[in-house]
Amino acid sequence: MNDTVAAPMSFEPGAAVAEGGIPLCVPAICGNEWKYVKECLDSQWVSSVGPFVNRFESAVANFVGAAHGVATSTGTAALHIALLVAGVEPDDEVIVPALSFIAPANAVRYAGAWPVFVDSEPNYWQIDPERVAAFLNNDCEWVDGKLLNRHSGRRVKAILPVHILGHPVDIDPILEQAQKYDLVVVEDATESLGAEYKGRKAGNLSHIGCFSFNGNKIITTGGGGMIVTNNAAWAEKAKYLTTQAKDDPVEYVHREIGFNYRLTNVQAAMGCAQMEQLPQFIETKKRIAHRYARSFAQTPGVTMMNQASWALSIFWLNTVLVDEREYGIDSRTLMKRLGSHGIQARPLWQPLHRSAAHSQAHWTGGDVADQLNRQALSLPSSVGLADEDLERVIKEISDR
Ligand SMILES: Cc1ncc(COP(=O)(O)O)c(C=O)c1O
């Protein structure tokens, strides 16, 4: 191999970036992580039980103001279990945004249920509460005490709003519909730990919420997740299901099929150290977002994602819309150009109703998610992003 040729830039979020390059979003490990992990190694509490698991569960639950936290192996596992404890059953339907990472829709399928995809609202790019209401009011009917989707004949059981990119969903109108139609609300707050909606923390705005501690999230345990809820019975059930559904602490007795979805003590140790730094991480993310916003206000054709007046975003991934007509090139061309300068950027997700994996799901909407998918580009947003690197990204985008 000719080593004088620069390695091609990968656009995967966790992909290695060539030396001197600027990654999209990588962890900041600069607190008590080593100390706490060493405590696990020294004490040999390295597996799925141990003091850090309980401590981490309390730290996250307390932070969002929830009564209970149940740690899981991933955010996807958290979603799967949250749907099960919320009573979602095979052949039910769950309302999910079309514009999201695929995990929540997959979790719905793991539960044997079906997603109903709903378009985004154009202002903050979250699931559109008006379209949710329109679907429930116009496309569903009560039959024998069950709310059925008229098109599929399936029972509609839950709404799964996803707070994408660090910004909360406008949840009150969704909660209103949920109450009206007796639906449970399962929040996917995996991208938005610390975000606030009217002073309340995302993940604890409804019946049950889920977080992810994957490497690209605002805090990380390498891989991991958490369920938070104020419902003690649900929390107990979640713990039971994530730990192989053991009905006896000694004898191997199981009433139900459980899952091995546990977080290890070593991962939780890292999580405890990361939680100590979360307020500071959020401040840094805000500072990066404000710097981007100030610069792009002067760049025709490049528009930063907005923050609603009722929201506090954690700006997990700073994302811009690129208007080809005004800016001169489209989002994918800009992505490649940034890549050629060692700057990692990436588009938003293919809208899920377009995904072959979910081709059988019901869909309701217009072209908002499609348009966001065409125009959006997420920019380097790591907590550890150096000022000179931030300026380099801004310069590459602004100097046209
Ligand atoms: C919106 C959303 N939901 C769920 C997940 C799944 O979390 P995990 O990777 O921890 O399974 C992610 C990201 O990874 C995500 O962005």
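For the reader, a short list of remarks on this structure follows.
- Scanning segment 223-246 for residues that are within 16 Å of the ligand (Cβ to nearest atom) and outside any strand (DSSP E or B) gives 223, 224, 238, 242.
- Candidates 176, 251, 187, 196, filtered to the one that is within 11 Å of the ligand (Cβ to nearest atom), over 13 Å from residue 85 (Cβ atoms) and either touching a residue at least 40 places away in the same chain (Cβ under 8 Å) or among the acidic types (Asp, Glu) (or both): 187
- Leading residue by the ranking (nearest to residue 242 (Cα to Cα)) among those in segment 64-112 that are of a type in the set (Val, Ile, Thr) and within 9 Å of the ligand (Cβ to nearest atom): 72
- Taken over segment 38-54, the residue count meeting the criterion of being assigned to a helix (DSSP H, G or I) and farther than 14 Å from residue 213 by Cβ is 8.
- Of all the numbered requirements in (1) under 18 Å from the mean Cα position of the chain (by Cα); (2) surrounded by fewer than 24 Cβ atoms within 10 Å (Cβ to Cβ), residue 41 misses one, and that requirement is (1).
- Qualifying residues in segment 199-213 (those that are within 15 Å of the ligand (Cβ to nearest atom) and not in a loop (DSSP other than H, G, I, E, B)) - the one nearest to residue 27 (Cα to Cα): 212
- Some residue of segment 128-146 being part of a loop (DSSP other than H, G, I, E, B), crowded, with 24+ Cβ neighbours inside 10 Å and within 16 Å of the ligand (Cβ to nearest atom): no
- Residues located in segment 252-295, provided they are assigned to a helix (DSSP H, G or I) and surrounded by fewer than 17 Cβ atoms within 10 Å (Cβ to Cβ): 276, 279, 280, 283, 286, 287, 290, 294
No lab work stands behind these numbers, since they all come straight from the coordinates. Here the structure is a predicted model, which is why all the values come from computation and not from measurement. FYI the Cβ positions are ideal-geometry reconstructions off the backbone, even for glycines, and counts take in every protein chain you see.
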